[in-house]
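A.B. asks: One structure is given below, represented as structure tokens, and several questions about it will come after.
The values are calculated or read from the model by the stated rules, or taken from the named source; none is laboratory data. All values reported here derive from a predicted model rather than from experimental measurement. Using ideal geometry, Cβ is built from the backbone for each residue, glycine included, and neighbour counts are taken over all protein chains shown.
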Amino acid sequence: MTERRRVFAIQAITIAGILAAYELLARSHLLYAGVVPPLFDIAVAFVAMLGDPATYTNLAVSLAEIAVGFVLATAGGVLVGILIGARPWLREAVGPYLDGIAAAPKIVFFPIAILLFGVGPPSKAALGALSAFFPVALTVAAAVRRINPVLVRVGRSFNASRSQMIAKVYLPALVPAIVNGMRLGLGLAIIGVLLGEIKLSDRGIGFLTIDEYNHFRIPQMYATLILIFILAVGANMLIGRLETRERARRAK
């Protein structure tokens, strides 16, 4: 058996085991049946959800919020990471604050986002951007400190401007770190947006999830959670492909 087939077999067995364990729990009546519905009920709800045009309307809202927040977080995180990583004094001054805020749950900033941007999609995008910013910035800042100092000295010896140093020296050397930071940040952007939609929204996949819960449509709620899981896995796979391509390029 090849390594790829072995990995696929392990993944398939793991998924089958999880589904079997869930189905046994659902049919054991150890828990209230309405809380842990059988897989068949969830599958029926999932198919019905896919046939509902409202699903795609809400999905488009969430995807737009995630995309805007993720792009803003990536651009800002790369810039701040380079600035902090390239200047030790700035890193010592700002680093503790970044580390502290990065560890705080970003949902606490949601009221501020509502005050600044209202209750619509911009506040959800802002929460997603705030959630994703710190992994990107901290990953890039750490990578800047590992750049070969010879490259920096060569750039400065040619009197390169700040923008030229970033474009010609830092960014090419930081591509792997940027991709890794994006991979970490994307998951947090999705979480931030969905939390914002769950807390206060009338649109989006997060809103659908909490709406199903409030009306105790539990199979439909599980179906929506599966859609969110598929969304997260698909986004992670896209970033993973970027990482694989970058590794292949650097190996040439």
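A.B. asks: With respect to Val233, is the statement that it is hydrophobic (A, V, I, L, M, F, W, C), without any contact (Cβ under 8 Å) to a residue 60 or more places away in the chain, in a helix (DSSP H, G or I) and farther than 30 Å from Ala126 by Cα true?
C.D. replies: Criteria not met by Val233.
A.B. asks: Also: Looking only at region 109-131, which residues are over 18 Å from the mean Cα position of the chain (by Cα) and assigned to a helix (DSSP H, G or I)?
C.D. replies: Pro111, Ile112, Ala113, Ile114, Leu115, Leu116, Phe117
A.B. asks: Can you go through Arg153, Arg91 and tell me which one is over 19 Å from the mean Cα position of the chain (by Cα), loosely packed, with under 15 Cβ neighbours inside 10 Å and farther than 19 Å from Leu184 by Cβ?
C.D. replies: Arg153
A.B. asks: Could I ask something else about it? Select from region 1-58 the residues that are within 12 Å of Tyr222 (Cα to Cα), among the hydrophobic types (A, V, I, L, M, F, W, C) and surrounded by 12 or more Cβ atoms within 10 Å (Cβ to Cβ) and list them in ascending order.
C.D. replies: Val36, Leu39, Ile42, Ala43, Val44, Ala45, Phe46, Met49
A.B. asks: Here is a follow-up. For residues that are over 12 Å from Ile82 (Cα atoms) and surrounded by 18 or more Cβ atoms within 10 Å (Cβ to Cβ), scanning just region 169-181, find the one that is nearest to the chain's Cα centre (by Cα).
C.D. replies: The residue in question is Gly181.
A.B. asks: A follow-up question, please. Looking at Gly155, Gly85, Gly81, which one is under 27 Å from Leu195 (Cα atoms) and in the same structural domain as Ile190 (by TED's automatic domain parsing)?
C.D. replies: Criteria check complete, one pass: Gly81.
A.B. asks: Take region 200-218 and flag every residue that is more than 13 Å from Leu59 (Cα to Cα) and surrounded by fewer than 21 Cβ atoms within 10 Å (Cβ to Cβ).
C.D. replies: Leu200, Ile210, Asp211, Glu212, Tyr213, Asn214, His215, Phe216, Arg217, Ile218
A.B. asks: Of all residues in region 137-168, count the ones that are closer than 18 Å to Gly81 by Cβ, part of a loop (DSSP other than H, G, I, E, B) and free of Cβ contacts under 8 Å to residues at least 12 places away in the same chain.
C.D. replies: Summing the residues that are closer than 18 Å to Gly81 by Cβ, part of a loop (DSSP other than H, G, I, E, B) and free of Cβ contacts under 8 Å to residues at least 12 places away in the same chain in region 137-168 gives 1.
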